[in-house]
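Have a look at the structure below, then the notes.
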Amino acid sequence: MSQDSNGGGHRAAGRRRRKAPKRRRGLVIAAWSAAGVVLLGGAGLGYFYFKLNGNLKTVDIDQALGTDRPQNIDNGSMDILVLGSDSRGGANADYGPDDGGSARSDTAMIVHLNEGHTKASIVSIPRDTMTARPACTTAKGKTDPGGQRAQFNEAYTVGGAACAVKTVEKMSGIRMDHYIEVDFTGFKKIIDTLGGVQVTTAKPIKDEYSHLNLPAGPNKLNGEQALGLVRTRHAVGDGGDLGRIQLQQAFIKALIKQVKSIGLFDNPKQLLDLADTGTKSITTDKSLGDVKSLMGFAQSLQSINAQDMHMITLPVTTDAIDANRVAPLKKESQLVWDALLADRPIPAEATANSAGDKGTAGSIVQ
């Protein structure tokens with residue numbers, strides 16, 4: 001494989017990624033996987049095509065980034081950047097002072113689907129990761145020069161979805177095939193429309209910052225409580241972002257298990273409500289920005305169970321300059337990127353020394 005001219009990882013030159021069969025185009029796991037649940041419902045509702053299409057918001061990542069990207073690779077796999085944005089503007093103002101519409105990527109996951117779309121590797125990127133940020137175009141059309149040391153979640157603040165995608169591609173050397181984003185309010189509505197999510201907590205969780213107060217034992221979470229859980233960090237682990245990521249990963253698996261068990265296709269009204277709520281709640285790249293394309297993604301969600309998902313945190317350690325931040329472990333992170341590029345399972349040694357996969361925060365939720 002050849003080295004990408006823009007400083008990314010290795011890619012096979014001159015080859016294009018072949019399309020997956022129509023009946024198995026991919027898996028959608030929108031921020032914290034909730035939007036994927038909605039799109040599963042959308043798969044059976046083609047006659048509402050125009051209504052649902054009108055709900056969707058899109059960004060043209062390909063036009064924004066042009067040729068300054070890693071090349072596609074022809075192995076049938078697929079990579080999706082999933083972001084949860086944390087703007088406090090508008091309906092999200094309950095979660096902090098209004099920031100005038102500014103936002104950060106509160107949650108970031110790379111979802112890699114293998115060639116047969118039977119398994120998924122999911123890599124969570126801590127928002128406090130210090131990394132190089134490339135030059136990006138701002139909302140005002142100016143160029144932000146980036147730099148060798150920037151906090152990962154600021155890329156979205158600087159240049160929106162395109163800058164977030166560009167930063168991930170520079171970090172990994174992997175071209176993102178798709179982009180999906182959901183914000184606080186959209187996430188809550190999706191969970192409420194689903195009817196809540198059942199989780200079991202091994203101990204009480206009380207976090208005044210995320211407004212969450214759960215007793216130990218079985219809990220049926222509504223949208224507000226589910227959002228509180230995936231935002232919680234002060235009440236688990238060391239109080240940092242790494243513990244919160246473990247909670248998010250545990251919640252995703254609990255959510256997928258529930259969706260598999262509730263017979264979603266047996267309730268047409270709930271399917272329509274979920275599809276309507278979901279398409280109003282997410283932003284996608286332009287190539288996913290119509291119901292037909294989203295329906296193709298949703299088909300594969302049915303064949304991937306929680307046990308088919310390998311979820312890790314990007315291998316990191318405490319940042320040498322700022323103890324409140326983390327920095328990628330270079331050798332271990334490269335093992336992750338190389339595995340995804342080659343469409344292989346992520347090796348165990350990649351996370352053996354990572355601060356992100358130590359601790360027990362994820363075991364609190366089942």
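The values are calculated or read from the model by the stated rules, or taken from the named source; none is laboratory data. What you are looking at is a predicted structure, and each value in this text was computed from that prediction instead of being measured. Quick reminder, even Gly has a Cβ in these numbers, built from the backbone with ideal geometry, and neighbours come from all protein chains shown. Quick note on the areas: whole protein, heavy atoms, side chains included, nothing else; ligands and nucleic acids left out. Shrake-Rupley method; radii C 1.70, N 1.55, O 1.52, S 1.80 Å.
Couple of notes before you dig in:
- Full extension of the chain between Asp74 and Lys206 gives 42.8 nm of extra length, using 0.36 nm per residue less the Cα-Cα distance.
- Per residue, the stretch 146-209 exposes 35 Å² of solvent-accessible protein surface, assessed with a 1.4 angstrom probe and all protein chains in place.
- Projecting the alpha carbon convex hull of the stretch 182-293 along each direction and taking the average yields 7.7 nm².
- Between Asn267 and Asp308, full extension at 0.36 nm per residue minus the direct alpha carbon distance yields a gain of 12.2 nm.
- The stretch 259-353 - Rg (one decimal) and Dmax (whole number), Cα, Å: 19.0, 55
- Across every direction, the projection of the convex hull enclosing the Cα atoms of the stretch 103-207 has a mean area of 9.6 nm².
- Each label point was placed 7 Å from the Cα along the Cα-to-Cβ direction; for Ser363 and Ala139 their separation is 4.3 nm.
- Summed side-chain charge close to Ala226 - residues other than Ala226 whose Cβ falls under 13 Å, Lys, Arg +1, Asp, Glu -1: +2
- Taking amide H as placed 1.01 Å from N in the peptide plane, Val326 has its amide H under 5 Å from the amide H of Thr129, Met130, Asp319, each at least 5 places away in sequence or on another chain.
- Members of Lys57/Lys260; Lys206/Lys260; Lys170/Lys358; Lys257/Lys286; Lys51/Lys269; Lys257/Lys358 lying beyond 20 Å, as alpha-carbon distances in this model show: Lys57/Lys260; Lys206/Lys260; Lys170/Lys358; Lys257/Lys286; Lys257/Lys358
- Each peptide in 157-164, 351-358 gets a packing score, the mean of other Cβ atoms within 10 Å over its residues, and the list from highest to lowest is 157-164, 351-358.
- Amide H within-cut-off set for Val59, under 5 Å, with H built and near neighbours excluded: Thr284, Asp285, Lys286
- Backbone phi angles across the stretch 252-258, fed through the Karplus curve with coefficients 6.51, -1.76 and 1.60 (θ = phi - 60°), yield HN-Hα couplings of 4, 5, 5, 5, 5, 4, 5 Hz in residue order; Gly and Pro are listed as x.
- In terms of the mean number of neighbouring beta-carbon atoms within 10 Å, the peptides 183-192, 330-339 order highest first as 183-192, 330-339.
- Distant-in-sequence amide contacts of Val365, defined by a placed amide H-H separation under 5 Å and a gap of 5 or more residues or a different chain, comprise Ala202.
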